[in-house]
Amino acid sequence: MFLYRIGSRIFPNLVRLAAPFNRRAKKLIESRKQSIEIPPKGSGETRLWVHAASLGEFEQARPVLEELKKFIPGLTIACSFFSPSGYEILKNDSLIDFSCYLPFESKSNADVLVQKISPDFVLWVKYEFWLDYLQAIHRFKIPSFLIAASFQANQRYFGLMGGPYIQAFKNFKLIFTQTKESTRLLQKSGIQNSIHTGDPRFDRVIRGSKSPKTSDLIQKFKGNKKLLILGSSYAWEEEMVAKVLASFPELKVLIVPHFIDEENILRIEKLFPGCSRFSESNPQMEFSNTMVLNKIGWLSGAYQYADAALIGGGSKKKGLHNVLEPAVFGLPLAFGRKVSYFPETKELLESGQADLISSPEEVKHWLDRSLSAASTEMRKQWKLGIQQKEGIAHEIAKRIYEALK
């Protein structure tokens, strides 16, 4: 714990040194200057504090929070975020009553925040185990729960210096894991308060797939041809697809880049000559075989029109984007090989729904198989397999409610 405290105190200073040269570091520093405005708890109010590192982690918790509100009418939710990408997008979300940035870690900061929020129970999402905060929660005798947990044997928690983390895990009232392997690792370390439930995001994507956002424009662009979607793509994925498109003259490609700034869109248009922009198109115009979707909020609904999806970010550690949104439609998937951090990919790979790719040749081979009639039949089985996972969020919320009683 001594070494951990030294590291946690050094971290903010390193961020301050980097701030003049790094936009993200600068945002982390500026965000911590904001005052935390959380009103005192009212009489009879039940308050939950949720900590999510960023947007993705909160979306993982969202279906559980929605279910908890059914079990606890009038539940108020205070949410803290570490990353600006979570806070800035979600600060006005209707599910959250109060939100703030998590102050840089220290014992005093932790005590102040816990007392200011004054939660009746706490939900920690997936990772980012700030030990001063977890210890303060335990010290104030507040029931805490960890959801969507995912662990690997090579993580520092299970090494020689992992003692403080193991104790923090033991202090959770219940830990809900995404994988059986995570539960096994915890139990091997003497942590008996874990339950394998699966990923609560399945409930969110299943619900979304039943009433997806529709687009006449994407429907017209596809026409009666096969459609490949590049979901949250980077240059690496886009360049591989560009190299094999000549082998698929009838294939339509909808590029949904992770960055939609003008400079990146111009780069994509140069890579795919004749590429149209979603923002400047209409259903009455004639289309080429490629379009760039340069508007936020359309990707998850666009997957309903696709015949295959190549998901971006898999070429770098912890970079893979959401694979469940396209998987719920039964689509054949492909992504880069650095996906060990994402437990949901293992089952997709084992079922044959997903392939790992790292070269244009592998992309071509994957597309040949994915666009075949046999793959079309398999889509029904893949879709059914995911639909059967509905109810994970309800199970987690029910167990939390029962533990609180």
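The values are calculated or read from the model by the stated rules, or taken from the named source; none is laboratory data. Since the model is a prediction, treat every value here as computed from it, not as a measurement. Positions of Cβ are backbone-derived with ideal geometry, glycine not excepted, and every protein chain shown enters the neighbour counts.
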Fill in: Of residues in segment 345-370 being buried (at least 18 other Cβ atoms within 10 Å of the Cβ) and aliphatic (A, V, I, L, M), the one farthest from W236 (Cα to Cα)
L348
Worksheet item: Can you tell me which of A397, A403 is buried (at least 22 other Cβ atoms within 10 Å of the Cβ) and either assigned to a helix (DSSP H, G or I) or touching a residue at least 40 places away in the same chain (Cβ under 8 Å) (or both)?
Response: A397
Worksheet item: For segment 167-243, which helices (runs of 4 or more DSSP H) that fit wholly inside it have 1 or more residues that are surrounded by fewer than 16 Cβ atoms within 10 Å (Cβ to Cβ) and in contact with a helix residue (DSSP H, G or I) (Cβ under 7 Å, 6 or more places away or on another chain)?
Response: 216-222
Practice prompt. Could you check, for segment 235-244, whether at least one of its residues is more than 20 Å from L331 (Cα to Cα) and among the charged types (D, E, K, R)?
Written response: yes
Response to the item:
From the option list G297, G301, single residue qualifying as within 29 Å of the chain's Cα centre (by Cα), farther than 26 Å from I357 by Cα and touching a residue at least 24 places away in the same chain (Cβ under 8 Å) is G297
Fill in: Answer residue from segment 155-166, given it is more than 26 Å from the chain's Cα centre (by Cα) and in a helix (DSSP H, G or I) and is farthest from V64 (Cα to Cα) among those
G163
Worksheet item: If we scan segment 283-300, do we find a residue that is part of a helix (DSSP H, G or I) and assigned by TED's automatic domain parsing to the domain that holds W366?
Response: yes
Item to complete: Can you confirm whether segment 24-37 contains a residue that is among the small types (G, A, S), under 15 Å from P119 (Cα atoms) and free of Cβ contacts under 8 Å to residues at least 24 places away in the same chain?
Response: no
Worksheet entry | Count - residues of segment 150-166 that are in contact (Cβ under 8 Å) with a residue 60 or more places away in the chain and surrounded by 15 or more Cβ atoms within 10 Å (Cβ to Cβ) | 2
Fill in: Residue that is farthest from the chain's Cα centre (by Cα) [pool: residues in segment 354-394 that are modelled with pLDDT of 95 or more and assigned to a loop (DSSP other than H, G, I, E, B)]
S359
Worksheet entry | Which listed residue, of F342, F259, F329, is among the hydrophobic types (A, V, I, L, M, F, W, C), in contact with a helix residue (DSSP H, G or I) (Cβ under 6 Å, 6 or more places away or on another chain), farther than 20 Å from V363 by Cα and not in a helix (DSSP H, G or I) | F329
Discussion item. Could you go through segment 346-367 and let me know if any residue there is within 21 Å of K317 (Cα to Cα), in contact with a His (Cβ under 9 Å, 6 or more places away or on another chain) and not acidic (D, E).
Written reply: yes
Practice prompt. Given the conditions (1) outside the structural domain of D132 (by TED's automatic domain parsing); (2) modelled with pLDDT of 95 or more, report the number of the one that K26 does not fulfil.
Written response: (2)
Discussion item. Yes or no: segment 55-63 includes at least one residue that is under 26 Å from the mean Cα position of the chain (by Cα) and acidic (D, E).
Written reply: yes
Worksheet entry | Sole residue being under 24 Å from Q192 (Cβ atoms), buried (at least 19 other Cβ atoms within 10 Å of the Cβ) and in contact with a strand residue (DSSP E or B) (Cβ under 7 Å, 6 or more places away or on another chain), chosen from I77, I117, I147, I142 | I147
Worksheet item: Given S99, S118, which one is in contact with a Pro (Cβ under 9 Å, 6 or more places away or on another chain) and in the same structural domain as F176 (by TED's automatic domain parsing)?
Response: S118
